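Inspection log for the structure reproduced underneath, given as structure tokens.
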Amino acid sequence: MPGRYIIPTMSRYRFLAFAATVLPTLASAQLVEDYNPPRANCCLASTAQTLANQLQDWNQLGRYHADNEKLKAQPADPGRVVFMGDSITDGWKLAQYFPGKSYVNRGISGQTTPQMLVRMFEDVINLKPAAVVIYAGTNDVARNTGPSTIEMVEENFQAMSELAIGHGIKVILCSITPVSDYGPRKMTDGRPPADILKLNSWLKAYAEKVHAVYCNYFAAVVDDKGMLKEGISRDGLHPNDKGYELMAPVAAAAIQQALGN
């Protein structure tokens, strides 16, 4: 039809994903002296389709769905504890650091508190754990899913806690671990230490208010400069084995306190 653009080869969703990727670059374009554009992907339609597929499960409920179904089919374990979190939880080999414990890892790399909030029923409550260990916030500070105010992040923690408490699940709120600039990248640029300290201060006060347990990972891994200790991380953000060795007894003590044994 006159005056309308027809896109015969792309579905509507594939085109929207393509536009979201390409248009911001076009909007900032200008004439240049030397033509040296960014290298293009060989298969833009395939890239657009991949992005569109990912948007259908933006909070990654599908990641643990099959494992959750298997757990739900088993008798409830009175010692079950779910570790809910981001990559720092995702990369933690719980069976290695807590042998013989019924601890369930539900960490997903890169996630922020709004994504975890949507996962609370599927990945925590429906598994009927005795307690949930919530580690989150560093990716909110880094704006992984867009900018948020500190109040928005706090409200997400509050909502997760209230959901768990309302279903008889003990809540353990973990302090956000510090970052460092000792590695190949300067982590403090994307995750300002001041923002981490603000959230940790609120988490500690809120845990006391709602009779949750405050799990202070920060104190266990921080150095005298307020940075993540050198040698316990592979990149200034994610713990290595030495980092998890420092965090494990803190988590164990918090779980013991929460369950009262």
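Each value in this text was obtained by applying a stated rule to the coordinates, not by laboratory testing. Note that this is a predicted model, so its numbers are computed, not measured. Note: ideal-geometry Cβ built from the backbone for every residue, glycine included; neighbour counts use all protein chains shown.
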Among the residues listed as Glu245, Glu230, Glu208, the single one being outside any helix (DSSP H, G or I) and either charged (D, E, K, R) or free of Cβ contacts under 8 Å to residues at least 40 places away in the same chain (or both): Glu230
Search result, residues across the range 177-204 that are surrounded by fewer than 20 Cβ atoms within 10 Å (Cβ to Cβ), out of contact with any strand residue (DSSP E or B) (no Cβ under 9 Å at 6 or more places or on another chain) and in a helix (DSSP H, G or I): Thr188, Asp189, Pro193, Ala194, Asp195, Leu197, Lys198, Ser201, Trp202
Matching residues in the range 76-105 - criterion: being crowded, with 18+ Cβ neighbours inside 10 Å and over 12 Å from the mean Cα position of the chain (by Cα): Arg80, Val81, Val82, Trp92, Leu94, Tyr103, Val104, Asn105
Qualifying residue in the range 62-72 (condition: within 15 Å of the chain's Cα centre (by Cα) and either surrounded by 19 or more Cβ atoms within 10 Å (Cβ to Cβ) or assigned to a helix (DSSP H, G or I) (or both)): yes
Selection from the range 155-180 of residues that are under 19 Å from the mean Cα position of the chain (by Cα) and among the small types (Gly, Ala, Ser): Ala159, Ser161, Ala164, Ser175, Ser180
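Scan the range 121-147 for residues that are assigned to a helix (DSSP H, G or I) and either surrounded by fewer than 24 Cβ atoms within 10 Å (Cβ to Cβ) or polar (S, T, N, Q) (or both) and jot them down. Show your work before the answer.
First pass over the range 121-147, keeping only residues assigned to a helix (DSSP H, G or I): 121-123, 125-127, 138-141.
Phe121, Glu122, Ile125, Asn126, Leu127, Thr138, Asn139, Val141, listed by residue number.
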